[in-house]
Each structure stands twice: as C-alpha cells, then as structure tokens.
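Worksheet: one structure, shown below.
The values are calculated or read from the model by the stated rules, or taken from the named source; none is laboratory data. Quick caveat: nothing in here was measured; it's all calculated off a predicted structure. Please note that ligands, DNA and RNA were not included when accessible areas were found on the heavy atoms of the full protein model with its side chains. Shrake-Rupley method; radii C 1.70, N 1.55, O 1.52, S 1.80 Å.
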Amino acid sequence: MNLHEYQAKELFREAGMAVNPGEVAGDPEQARALAERFGGNAVIKAQVHSGGRGKAGGVKLARSPEEAADHASAILGMEINGLVVGEVLVCPIEDIATEAYVGVLVDREGQCPVFMVSAEGGVDIEEVAATNPEAIHRVRVDPRYGLLPHQAYGLAARLYDDPGLVRQAARIVAQLYDVFEGNGASMAEINPLISTAGGRVVAIDAKMSIDDNELFRRPAVAALRDTASEDSADTRARDAGLSFVKLDGNVGCCVNGAGLAMATMDLVKYYGGEPANFLDIGGSSSPDKVVAALEIITSDPEVKVILFNIFGGITRCDDVARGIVAAVNRIGIDVPLVIRLTGTNEELAREILAEAGLAAVATMDEVVEQAVRLAR
C-alpha cells in the first residue's frame, strides 16, 4: 500500500523528524488561502501514487497566492502515469543550500533492511545509480538490533562535512528507520533531504510503501489507504480476495496457486508470448471469484486472449467452469478463451463447459501454446 506524501510526512512528524510544514488542498481557493498563510510563496505538489510528478508538471512554484491558485487549478484533475490528481499539497518554499537522498527498503536477498544515501538528491535515485553508482552508499541493518547509532552517524557523514549538519542528519536517519520499522513499511525515503543556508536539515519530501501483510496488525495505517488513487484492477482484486499483478503482455492468465501461476507465465514466455498479468484465484474458488477474475482481466485493453490453467485439488474444476460460464453470460467476453481444467470434478467441469459451447484442452503445454498463437 502506497501512502501520499502528506500522509508519510505526518508519520515522520510523529517520529519527531524535522519536516517542512504543509497542508492539503482539494480546490484552487484552498490552495490560495494556504499559500497566503505561508507568506505568499509556496510549492504546489500533486498528491498521487506515482513517481515523476515534477517531470509531468505536477510540482510548481508559486510566488503569490493567486499563482498558487492557478497552479492548483492546472494540477488538479491532471493525469500522471494513468492516475488522476485529486489533491495538492501546499508547502512554503524553503531556502535550499544542498539536496541529498536518504532511503531504506527491504533487501530481499540479504533478508534485512538496507539504507541507501547519496549527496546527489532531488533527482531520481535510479538515474544516480545508472550514471554515478559510486555516489550511492549502502548499509545493511541487522533487524535483531535495528539501526545502531554509529551506523546512522556514518550514513549522515556521507552527506555532509559540517559536524552540525551531520548530527542533524544522523537524527533524521535514525528516525526514518523508526518510521520504517514501526509502520511495517517495505520502503521509506526522503528525496530531497535539504540543508538550508541557515544550517538546518529538513525533510521536504516523503515517500512510503507499506507491506500489505502488515496491515491487519496496524489498523491506523490501513485506514490511510486511498483507493481512489489506486489502480481500479488492484482494488477489485483485493476486494475479491485475488492475488493480482499487472504486467505488460497480452496473454491474460487466470490460474489457481502461485507456483502454477509462475510456471504458466514461464511457459508463456517459453512459447514466445508475454503474460499480461499474474492472477491467482487461490483454493476453494467460488464461481463469483472466477467472474471477478475475468472482469479484471477483460478490463485490460491489451489482453488479446485469456488463458485458464486450473489444477483441481482443493479448487473444484466444476466451480471454475461455472464461473467461466457465468462471466461469459454476464459481462460478455470478446477475446478468445483457452481453458485447461485438470483434477477434482474434471469431467463434470467439461460437461458444464460443453453445454455453454466451450471446451477444455488436456495439457498445460497445449493450452499455453494455443493461447500464445491466438494472441499473435
């Protein structure tokens, strides 16, 4: 689950971090009033779950309350990477002397959190990694002990030479780890972390992603979810109890079990195709669950064929077949369906499909090869 910048900043403030002030506006008049409160000069920032806001025109400097209202009017309703901006964050303009990057995320290979810092902040960290990788410094954190004081100080010393700035930055680095660990995050970053001409170190941006598996034990964090800013397919999949990840191909995949889903996508690639998604309907799949899965897959205009690969253990093949027939009748599917149903109640499932004018093939290779051919 991604947080908006203003939500992440509030968690930073609760941890005692030095964060620049700011408030959210939902219309130009609110933005104008906030800019006036901040002395006339303000930054207007789109609140959307996407990177690249500045490059897309979603971050603007205003030198008057009227200009703040004009910028807010232009940004609100803007589409950034397919997501519509519904709110803007209005912040005072800071006196920036330097910009740095500080981030912590889960290192899955090392099975621990890892900090990344760079004195080259204010730009995409991916760009720094590509053009100047030695500018990024990494420190792994042992989750048994957390971030130790000397580690926080060492990371801060990579950003500044001035001892006063280093001490402030070390405090912020330690607080960032507390926010990361305390809220079940998979990523938390500040870009940029600034120093001012007056000698302050301040976080003027905030980005956080929360591990969905942590939400059940953190209801206050779960309540921050903004479904209006999420991809509708992700929201529908979550509500239906489906595991779904959108990919870039044109073969829509509907499979039961994560392992079989991964194997199916591998086979799609093997036969020269590209999977459009990972979608696991899980065990004990009811017909309604299958209908929801098909509604999600067919909402993707890139999908040219839908591939069902079901191995019936706990999942009953006849339930899946009924779901397929119900979806065909209810929503209408205008792309080819290729189906493999093997296992529990397989023969009954074939009868249900046959009555609806559908058929199932026998093997996994056959169904995948057919799907890739039709997708072309």
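Take the range 96-222 with all the other protein chains still there, run a 1.4 Å probe, and you get 49 Å² of accessible area per residue.
Shape call for the range 232-375 from the C-alpha gyration tensor, a ≥ b ≥ c root eigenvalues: rounded (a/c under 1.5), prolate (a/b greater than b/c) or oblate?
In terms of gyration-tensor shape, rounded.
Relative contact order of the range 232-375, taken over Cα pairs closer than 8 Å and 6 or more residues apart, is 25 percent.
Accessible surface for the range 232-375, divided over its residues, is 44 Å² per residue with a 1.4 Å probe.
Let me check against my output: what whole-number percent is the relative contact order of the chain, with C-alpha pairs under 8 Å and at least 6 apart?
13
How far is helix 258-270 tilted off the main Cα axis of the chain, in degrees rounded to 10, range 0 to 90? With rounding to tens, the tilt is 80 degrees.
Pairs over the 31 Å Cα-Cα cut-off, from the set K207/K246; K55/K269; K9/K55; K45/K246: K55/K269. Rounded to the nearest 10 degrees, the inclination of helix 317-331 to the longest alpha-carbon principal axis of the chain is 70 degrees. Phi angles across the range 44-53 convert, under the Karplus curve 6.51 cos²θ - 1.76 cosθ + 1.60 with θ = phi - 60°, into 3J(HN,Hα) values of 10, 10, 4, 9, 8, 7, 7, x, x, 4 Hz, Gly and Pro given as x. Relative contact order of the range 23-91, taken over Cα pairs closer than 8 Å and 6 or more residues apart, is 46 percent.
Within the set [x] 24.9, 78; [y] 20.4, 70; [z] 21.6, 67, the number that Rg and Dmax of the Cα atoms in Å takes when calculated for this structure is listed as [x].
Using just its DSSP H runs of length 4 or more, each adding -39500 (n - 2.57), the chain gives a mean residue ellipticity at 222 nm of -11500 deg cm²/dmol after division by all residues. Ligands, DNA and RNA left out, the 1.4 Å accessible surface of the chain is 49% carbon and sulfur atoms. Rounded to the nearest 10 degrees, the inclination of helix 65-75 to the longest alpha-carbon principal axis of the chain is 20 degrees.
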